[in-house]
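Just below is one structure, and these are the notes that go with it.
The values are calculated or read from the model by the stated rules, or taken from the named source; none is laboratory data. All values derive from a computational prediction rather than experimental measurement. A quick note on method: Cβ atoms are made from the backbone with ideal geometry, for glycine too, and the neighbour counts reach across all protein chains shown. Surface accessibility is based on the protein's heavy atoms, side chains included, excluding ligands, DNA and RNA. Shrake-Rupley method; radii C 1.70, N 1.55, O 1.52, S 1.80 Å.
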Amino acid sequence: MVPCAHCGLEVPAGLIEDGAERQFCCSGCRTAYAILHEHGLGQYYAFGDKRDAPVRPTGKKYEEFDHEAFHTLYVKPLKGGLLTTELYLEGVHCSSCVWLVERVPLLLSGVVRAELDVRRARAHLEWDPSAVTLSAIAQQLDVLGYPPHPYRGVAAEEMCRKEDRAMLMRIGISGALAGNIMLLALAQYAGWFTGIEAEYERYFRIISLALTAPSLFGPGWLFFQGALASVRTRRLHIDLPIAIALLAGFTRGAINTVNGSGPIYFDAVGTLVFLLLSGRFLQNRGQRAAADAAELLGSLAPTAARVVDEQGERRVPVEALLPSMVMSVRAGETFAADGDVTDGKSAADCSLLTGEPRPEPVDIGTRVYAGTVNLTGPLRVKITQAGEMSRLGALLRRMEESAKRRAPVVQLANRIAGWFVAAVLVLAVVTYLYGLRQDPARALDNAIALLVVTCPCALGLATPLAITVGIGRAAKTGILIKGGDAIEALNHPGLLLLDKTGTITEGRLRLVRWEGSDAAKPLVAALERGSSHPIAVAVQQAWPVVEVLEAQDISQTAGGGIEGVVNGHRVVVGAPTFVARQTGAEDHAPEVRIDAFAEEGLTPVWVAVDGQIVAHAGFGDPLRADARASIDRLRALGWRVAILSGDHPAVVRATAQRLGIELSDAHGGASPEEKLRRVEEARTRGTVVMVGDGVNDAAAIAAATVGVGVHGGAEASMSAADVYLSRPGLGPLVELVHGARRTMLVIRNNILFSIAYNTLGASLALMGILDPLIAAVLMPMSSLSVVYSSWRGRTFEVPVVRQRTAEPSSGIPPLEPSA
């Protein structure tokens, strides 16, 4: 093996240069290597973890990056005449990528700053437009192996960052103040046992008051805002009793500080402000999926298109596209708008919208859609809809609307908060009035003791803490949950919809069956070696080690097949009807084998050599190994499992039969709009869980009660989902359902404990047995008990799903020898 001097991969035999000191697997790696050494950046190769893929420059000029419309959307001015933008980079994966991208200012004069967030593959750039253009920077990144795209979610993400920074600032300030207040409280508590001089006690009280006031009316003002909103809207909210209790404790403590006697509650008030803010921050972190999903889905369309007019071809931003324009789309490029083909023949990968992995033929008059990919030949397309009016844009809008219509999380604590708040306020008044008749001197203290001891802090922490701990433990098992509403909804079994391709199956086309002469295999492999068609890729993966032959006079027919001359033989590979027509073997009667393959959910491909059909091949997408066992387990847990897929209905029905799913629950040929409609209809009848991996599933995932994105799925569907399963297979889906049930059990236990505690405390305060000092000690104890319960609860520790051994693990028969 001869390694590439840049990426380390094997150099193909045809590219090895005899006597050369360094070898390269492609021209891209050669160019990148030369650029790095020319600018003294050879230390890049000292990284142990560096790119393990060849550099494939796209060759784009990125003229649209300099267009006025592009700058209006994605570029911001800075002081001193500089400009800044953020770009999404392909191919980013390790620390060496960070090092290399951040050295771009050394490669291009005029680039002031380049920073890379490797986790998000997002580059922050600052440059002097009088010295260098953004298109030149983009070309440089492309040459290095990082093709750039505009990052479309900058404004929304900046707003979220500001919100997070503000909340973290509140938590930091309240935490620092709470720590100092507790130190002063410890000194005063120690004085109970050993005695303390009056002047020091008064000093500690004043300092505690001075520290508690900014904590309560600074970071803690958030709870008073919620309480005021509750009063204005006349809807009792849990913030109301929290604010009343905190204010009552602080007011009574301040009065006792001025009087120089009686308990103060500053330590409890300061600590609770800190704990409640922390819980609220953790609770709200995962509730921002809709905007992210929409931005990612929009990013799937290209940023520019090649428009044809009287001036020739020119690249313009997609924002400048209008109906009736004609765009030129080359093989391998993505359609930037919807339109009708006016010239050319090709095949299109429409899996973005349909989920169907098989390419669709495209001819003059065929309607094509933004986001889908032109595979084999150049096309000219007359635009009918662009931007937000395209099919992809409409899908994006429906996805956003579904996310907005989704009701906010209704947690168990909030369901009883209204009654709880009303009961606490009434009891406080009753306690005060009763105390006036029994002991007027203690009436106010008894009422405050009741408000303090029944502060719903434990109740407010019961749900978010349990959910936070559960989400954290789920993440350790590869299950990423964005919010507590998903956990709550998964406790109500209903309809569970599974996409087929990539969810139930492995999401890749594979050669499953070969019937015929093995002598034809090298001929087929040679013919398919130069094609990027999914069938060709499957052939190359199935036969990686066969005799290497040269193919000549190769021609491809969109929707038909491929033919050429290999080793002196005329070879035709493709759809049965295409092969029969090209070879004149119309009397071969392929219908029998076609039907047999269709029953197994396979795509039939015939092989002819010198006019004779010599082999039949069946291509399919194998089931995941744990699919049947997981689906059986989900049924046992009370879920009705159905398939909702864009694949051909016959293939979906065959898959359902192998999984034991009723044919009435096997829905094939569903477009993204159809999936969304079915999900919305099902939601009116109960809980709906949508599990998928493709962009065509994103809108349905966003509209479902709980949307689940699976391992290997499109980024937009993962962002739209409430849950992402980072491990392959359906086994993690079973673990998700089990873990959600256990988490809700912990939440219910926490709430029951909080209610029992508050009931007991209120009873003691009402009878005058509990004074404010003891109430102040008991109040944080209840919250700590809830913290302990949430931490100790066993949530996402579930048994591994066992696979059935009664049938093949793939669900599709393995590759068989020639018949």
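Given a 1.4 angstrom probe, I'd like the percentage of the accessible area of region 178-235 that is carbon and sulfur, rounded to a whole number. Please list the in-between numbers first.
Numbers: 2340 of 3650 Å².
For region 178-235, the apolar C and S fraction of the accessible surface comes to 64 percent.
So between ASP553 and ASP128, what do we pick up on full extension, going 0.36 nm a residue minus the alpha carbon distance?
Taking ASP553 through ASP128 to full extension adds about 147.9 nm, to one decimal.
On full extension of the chain, what length is gained from SER785 through TYR189, given 0.36 nm per residue of separation minus the C-alpha to C-alpha distance?
Values: separation 596, 0.36 × 596 = 214.56 nm, distance 2.17 nm.
Once the chain is fully extended between SER785 and TYR189, it gains 212.4 nm.
Once the convex hull of the alpha carbons of region 491-534 is built, what does its volume come to per residue, in cubic angstrom?
Working: hull volume 4.6 nm³, N = 44.
Per-residue hull volume (Cα only) is 105 Å³.
Set the Förster distance to 51 Å, then compute FRET efficiency between ASP117 and LYS382 from the Cβ-Cβ distance, nearest 0.05.
0.80
Taking the Cα centre of region 159-274 as origin, work out the dipole magnitude from +1 charges on Lys and Arg Cβ and -1 charges on Asp and Glu Cβ, in debye rounded to 20.
Once rounded to the nearest 20, the dipole reads 600 debye.
Only four residue types carry charge here, +1 at the Cβ of Lys and Arg and -1 at the Cβ of Asp and Glu. Report the dipole size of region 173-235 about the Cα centre in Debye, rounded to the nearest 20.
Dipole of region 173-235, to the nearest 20 debye: 560 debye.
Could you calculate the FRET efficiency of ARG442 with ASN491 from 1/(1 + (r/R0)^6), where r is the beta carbon distance between them and R0 is 30 Å, rounded to 0.05?
Working: r = 45 Å, r/R0 = 1.52.
About 0.10, to the nearest 0.05.
Mind giving me the nanometre distance, one decimal, between the label points for TYR434 and ARG367, set 7 Å out from Cα along Cα→Cβ?
7.2 nm
How do 678-684, 468-474 rank on mean C-beta neighbours within 10 Å, highest first? Could the numbers behind the result be given before it?
Working: 678-684: 17.1, 468-474: 21.0.
Order by mean packing, descending: 468-474, 678-684.
Sorting check: for 205-214, 333-342, which peptide has the highest mean count of neighbouring beta carbons within 10 Å, and how do the rest follow?
Result, highest mean first: 333-342, 205-214.
If the chain between GLU163 and GLU17 were fully stretched, how many nm would it gain, using 0.36 nm times the residue separation less the Cα-Cα distance?
The span from GLU163 to GLU17 would gain 46.8 nm if fully extended.
What does the convex hull of the alpha-carbon atoms of region 641-701 project to on average, in nm²?
On the way: hull surface 15.7 nm².
Its Cα hull, projected and averaged over all orientations, spans 3.9 nm².
Going highest first, how would you order 371-381, 494-504, 747-757 by mean Cβ packing within 10 Å?
494-504, 371-381, 747-757
Hey, can you find the accessible area per residue of region 622-675 for me, probe 1.4 Å, expressed in square angstrom?
With the other protein chains kept in place, region 622-675 gives 34 Å² per residue.
What whole-number value in Å² describes the accessible area per residue of region 471-576 for a 1.4 Å probe?
Per-residue value: 40 Å².
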